[in-house]
Amino acid sequence: MKDALKKHKIFIDNAAEDVPRVMVSVGNACGGEFALILRPQDDQHVLVHQTRSSSKVWEAEAGKARVPQMPTRELPAKEAIALVKSARKVESTLGPITYRGQWKGYVTCAEGEGPSAGPAVVLERKVSSYVTVRVVGHGKKWVWTVIRQGKWFKGPAEKVGEDIRLHAALTVALREAVGAASEACGVRDTSRRAAHDPAYAAQHPVKPAKAPAKDPTDKLKVKEPKAPKAPKAPKEPKAPKAASPKGDVIPARTARERELDAKHGPLVVTDLRDLPPTPPKPARAPRKKAEPPATDAAKDQQLLNLFKDAMRQAVGG
């Protein structure tokens, strides 16, 4: 198992609501594809996990811890996907938007057995610049934590609580966040003005958070089992080359060998010593040296005498 588990984003319809109506996460984890639907307002949650060989479902039950568990109940893939899409549709009206910030979160899943195995849900909301609410669902309970930074106070503070229902965990955590900021001004720093000032709300109504562009559950498809691959036909063994009665045929590669093949046919030998000797190369004729040009002694002497006479005239006048 890897140390860092992959985080699958949770898509929230109107993440600005104090308690969102529906949260959706779809991805591949724990050896298959999963789809998680969280409905905090009525605590009706559904988790489907399917592989190519099986499809299993977990649903929150009244009177029990409503924290997502690894599914164990078998259900046909088509019915499981239909269950997810049915849980995804919420007809309830818009809930109150009192606190600052928006919810965001992710889902992880650890394979194996033990206290850390199974799905885990993490939700966070920053209600002020120094107070953050964190809710983690794993095992049998939802654990909420209010974290206050110590920048504007004597020191950091943290308060922790738990519940078996997500709705209660979110509600109590937000209320405790106001208390954590009360040393400064809890109402002003954590709440929206429109939630307490009707005149301001009439001029500046609270806008719902942006809804996801696409429904993640649209990616869910029935995983058909892979058909077994037909075994490959064995390759026919190559027929061995027929050997020459006198030995193997040596392919001609050089110009000399191609010349011998053209004259005498393919060369067949059993020993390299049977090859005919290569004829010696003809000796090259020596190069002729260039002869110096012929000279005329009489003309040379005549030119020399003319040069001497010219020098005497120039010197003696």
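Computed quantities for the displayed model
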read-out: Some residue of the stretch 23-40 being without any contact (Cβ under 8 Å) to a residue 40 or more places away in the chain and of a type in the set (A, V, I, L, M, F, W, C); value: no
read-out: In the stretch 1-21, the residues that are part of a loop (DSSP other than H, G, I, E, B) and in contact with a strand residue (DSSP E or B) (Cβ under 7 Å, 6 or more places away or on another chain); value: Met1, Leu5, Lys6, Lys7, Ile10, Ala15, Asp18, Pro20
read-out: Odd one out for Ile37, checked against (1) at pLDDT below 90; (2) touching a His at 6+ places or on another chain (Cβ under 9 Å); (3) under 24 Å from Val133 (Cβ atoms); value: (1)
read-out: Single condition Pro96 does not satisfy, out of (1) closer than 21 Å to Ala168 by Cβ; (2) modelled with pLDDT of 90 or more; (3) in contact with an Asp or Glu (Cβ under 6 Å, 6 or more places away or on another chain); value: (2)
read-out: Strands (runs of 3 or more DSSP E) within the stretch 64-175 that include 3 or more residues out of contact with any Leu (no Cβ under 9 Å at 6 or more places or on another chain) and β-branched (Val, Ile, Thr); value: 141-148
read-out: Candidate set from the stretch 188-211 (those that are loosely packed, with under 13 Cβ neighbours inside 10 Å and either within 42 Å of the chain's Cα centre (by Cα) or more than 14 Å from Ile97 (Cα to Cα) (or both)); member that is modelled with the lowest pLDDT; value: Arg188
read-out: Every residue from the stretch 25-53 that is surrounded by 21 or more Cβ atoms within 10 Å (Cβ to Cβ) and hydrophobic (A, V, I, L, M, F, W, C); value: Val26, Phe34, Ala35, Leu36, Ile37, Leu38, Val46, Leu47, Val48
read-out: Pairs, first modelled with pLDDT of 90 or more in the stretch 109-130, second in a loop (DSSP other than H, G, I, E, B) and of a type in the set (Phe, Trp, Tyr), C-beta under 6 Å, six or more apart; value: Leu123/Trp103; Arg125/Trp103
read-out: Condition check for Lys56: surrounded by fewer than 13 Cβ atoms within 10 Å (Cβ to Cβ) and either under 20 Å from Lys140 (Cβ atoms) or in contact with a Cys (Cβ under 7 Å, 6 or more places away or on another chain) (or both); value: no
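The values are calculated or read from the model by the stated rules, or taken from the named source; none is laboratory data. Everything numeric here is computed off the predicted structure, so don't read it as measured data. In this analysis, Cβ positions are derived from the backbone assuming ideal geometry, glycine residues included, and neighbour counts consider all displayed protein chains.
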